[in-house]
Amino acid sequence: MAIDFTLTEEQKMVQKTAREFSQEVLKPLVAQADAEPDTQKAFQIIKPAYVQAYKLGFAMGFLPKQYGGGGVSNVDLQIVAEEICAVDPGFACILLVNGLGLLPLAWFGSEQQKKKWIGEATGDPTGEYLAGWVVSEPAGSPGGTANFDHPGAHPVGIGLTATHDKANGEYVLKGQKYWPSNAGGWDLKGANVNVVVVRTDPKRGGKEGLSVILVPRGTPGIRYNQPISKIGQRLEQNNFIEFENARVPEENVFAVGNGDLVISKAFTWSGPVAGIAAVAVARTAYEWALNWAKTYTAGGREPIIHHQAVGYLLTDVAMSIEACRALCWKAAHYLDMYNSEGHAIGAMAKVFSGETMFNAVFKCMQVVGVNALDKLNPLEKCLRDVVVFPLYDAGNMGMQRRKIWGVIADLNFDPRAITDSKEIRFKKSMEGWGTATANLTT
Ligand SMILES: Cc1cc2nc3c(=O)[nH]c(=O)nc-3n(C[C@H](O)[C@H](O)[C@H](O)COP(=O)(O)OP(=O)(O)OC[C@H]3O[C@@H](n4cnc5c(N)ncnc54)[C@H](O)[C@@H]3O)c2cc1C
């Protein structure tokens, strides 16, 4: 009886709490925040829901228990994330990014760093604490993010440099970041902490030259600009950050020379969550389109579900939702078994669900017809939200597929390992695949 998809009584309770929160606290704020052209104002509109989510354990619950977190499993996180994302995936992304930022510290940080920073994040009595996960960089040549593991020296790959000023015991940060969520904080003076991937050795490639540094709110020399205006998932704040010789204490650095492994693992942990988020958006679209098909006649005598074309489309959508949810749950379970090591299956859940659910939402729109485009109906927002999934959280083309490729290309890869839930150790040699001049031997 090891394979069992039924929820325990505790899981049903968690699901109920997440559903009630989403419907009663979050939903009333969504339309206004989504329509708000000022991206920072939109972020502030949903702050009361964030505080409530924090108090319910949804903002920091996935952090380890010994540092004040809830120790919530990846499987249980699937249940909570689906309910919140069915109402608004942009809001859920704010919660997720606390994990993207702080779990790397739990995996790679020192005991002292974990106690201090995770302890602060989990022990905020105001419930406003935000952590940023700061990797992505502005477009340009050089620029972008996908080739973070490129073997070339600066300026290819990650461009934000952190120069060690040993005499003063500090790192000096210079460069820009673009896209990181939460990083600007509620007032554009910075999140409580930003977990920033930097280039500590500009002479070495992405597999040796990257590290991670904790940048506290209030650090001088950092400008947080007006957040980016996106087409979808607008409740979530994406930042453009400029570092002009910002000085950060050297005790804040971790994973020196292994920033690449941090990126690969963090975007593995988030894979199944992004996957189930896409499932949730498609679920919302499907339930609405199904009801429409059962009640709308389009000028005929019968509701349109009596047309085989409509029935088949909805059948395809229903099947794909179930299949993607099962894959995400399997991936989450695998991550629970191996301390979030599961780089191939984590990425598979994200890539497959993001793209399949994008198609599912479009199929729902085909069922509904032209009225799917009317902003009075929910499908246009579903489309704007679902298109984000294949592109964000380490884009499917430039990052997540490359990671799966690197794992399965390994000479010792066992093609049945994922089916049999056997451990696959991720190695540096699995990185760098598909970067223009990758040296795959290190
Ligand atoms: C809602 C949202 C939240 C986000 N939150 C964060 C966050 O908290 N922190 C953060 O750091 N970032 C964040 N991002 C950015 C996000 O994680 C992106 O996935 C990341 O910046 C990489 O984007 P990209 O893959 O398009 O990279 P780019 O470097 O811009 O690559 C662009 C395209 O080039 C092609 N390409 C490039 N290199 C290769 C290659 N080697 N092989 C094949 N194709 C290639 C691919 O088609 C790829 O899509 C967020 C974005 C959004 C929309």
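A few points about this structure:
- Test set (1) assigned to a helix (DSSP H, G or I); (2) touching a helix residue (DSSP H, G or I) at 6+ places or on another chain (Cβ under 9 Å); (3) under 30 Å from G299 (Cα atoms) - K375 fails condition number: (1)
- When V367, V388 are screened for being among the aliphatic types (A, V, I, L, M), modelled with pLDDT of 95 or more, surrounded by 14 or more Cβ atoms within 10 Å (Cβ to Cβ) and closer than 23 Å to P180 by Cβ, only V388 passes.
- Test result for R301, charged (D, E, K, R) and either closer than 30 Å to H164 by Cα or crowded, with 23+ Cβ neighbours inside 10 Å (or both): no
- The set of residues in the stretch 105-121 that are more than 16 Å from the ligand (Cβ to nearest atom), within 26 Å of Y392 (Cβ to Cβ) and not aromatic (F, W, Y) comprises A106, G109, I118.
- Among residues of the stretch 402-427, those that are in a helix (DSSP H, G or I) and surrounded by fewer than 18 Cβ atoms within 10 Å (Cβ to Cβ), counted: 3
- Residue, surrounded by the most Cβ atoms within 10 Å (Cβ to Cβ), within the stretch 68-111, restricted to residues that are over 13 Å from the mean Cα position of the chain (by Cα) and without any contact (Cβ under 8 Å) to a residue 60 or more places away in the chain: G69
- Long-range neighbours under 6 Å by Cβ, at least six apart or interchain, first residue of a type in the set (K, R) within the stretch 154-182, second within 13 Å of the ligand (Cβ to nearest atom) and not in a loop (DSSP other than H, G, I, E, B): K177/V134; K177/I241
- For D393, the conditions (1) in a helix (DSSP H, G or I); (2) at positive phi; (3) within 16 Å of the ligand (Cβ to nearest atom) all hold with the exception of (1).
- Considering the stretch 3-28, and only residues there that are in contact (Cβ under 8 Å) with a residue 60 or more places away in the chain and buried (at least 18 other Cβ atoms within 10 Å of the Cβ), the residue that is farthest from K41 (Cα to Cα) turns out to be V14.
- The lone exception for S229 - which of (1) of a type outside the set (A, V, I, L, M); (2) within 14 Å of the ligand (Cβ to nearest atom); (3) buried (at least 18 other Cβ atoms within 10 Å of the Cβ) it fails: (3)
- Residue that is modelled with the lowest pLDDT [pool: residues in the stretch 124-147 that are among the hydroxyl-bearing types (S, T, Y) and more than 6 Å from the ligand (Cβ to nearest atom)]: S141
- The residue that is farthest from the ligand (Cβ to nearest atom), counting only those in the stretch 180-191 that are surrounded by 20 or more Cβ atoms within 10 Å (Cβ to Cβ) and more than 15 Å from F91 (Cα to Cα), is G190.
- Among the residues making up the stretch 170-217, those that are at positive phi and not small (G, A, S) are W179, N182, L188.
- Only a single criterion out of (1) farther than 30 Å from C364 by Cβ; (2) away from the ligand (no atom under 13 Å from the Cβ); (3) of a type in the set (K, R) is not satisfied by R283, namely (1).
- Single residue of A153, A162, A167 found to be assigned to a helix (DSSP H, G or I) and away from the ligand (no atom under 12 Å from the Cβ): A167
- Looking across the stretch 329-373, just one residue is among the acidic types (D, E) and under 17 Å from I408 (Cα atoms), and that is E341.
The values are calculated or read from the model by the stated rules, or taken from the named source; none is laboratory data. Computed from a predicted structure; not experimentally measured. No Cβ is skipped: glycine too gets one built from the backbone with ideal geometry, and neighbour counts run over all protein chains shown.
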